[in-house]
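First comes the structure, then the notes that go with it.
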Amino acid sequence: MKNKSSKSGLFLMEMILSILFFSLSSAVCVQLFVKSHLISQQSVDLNRAVEYCQNVAEAFYGCNGDLAEMMFLFDNSSQDPLDDSTYLLDEQPYTISVTVQEKDSILTCSIAVYKSSDIIYDLEVHLFPQKEAPHGN
């Protein structure tokens, strides 16, 4: 009788340890899946931010550095109320800040992409604006 009791106690202890092992394993797996999802989302955000910066930089070069003409190309642009030289593009859930400054005849366009208030990607491009040659006849 005593032997039967000890066998069932060992079996119960083995079951408890097995359940503990599987619960720890499942907790680790869930953490790995959550971390991989977060990394995947950050990768998507970074890829989109790089694409937005490239688009704005190409518009900057294509418009020869004319910020007003450049912002005309983007439907969702508005001037920053705090800074006249900065425009904001609203591409939900991202905000793109575009600032153009001139120093020594070289235009510098600073582009930054934000999600909430966190910066995802920023890019600075430079342009020496081309002046049209006068047409002489």
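Each value in this text was obtained by applying a stated rule to the coordinates, not by laboratory testing. Note that this is a predicted model, so its numbers are computed, not measured. Neighbour counts run over all protein chains shown; Cβ positions are idealised from the backbone, glycine included.
Summary table
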read-out	value
Value of [θ]222 nm, deg cm²/dmol, for the chain, DSSP H segments ≥ 4, -39500 (n - 2.57) each, nearest 500	-18000 deg cm²/dmol
Percent of Cα pairs exceeding the 20 Å cut-off, where the set is the chain	63
Length added when fully stretched, Gln130-Leu20, from 0.36 nm per residue minus Cα-Cα	32.5 nm
Efficiency of FRET between Glu69 and Gln92 - r from beta-carbon atoms, R0 22 angstrom, step 0.05	0.35
FRET efficiency, 1/(1 + (r/R0)^6) with R0 30 Å, evaluated for Asp84 and Asn55 via beta carbons	0.85
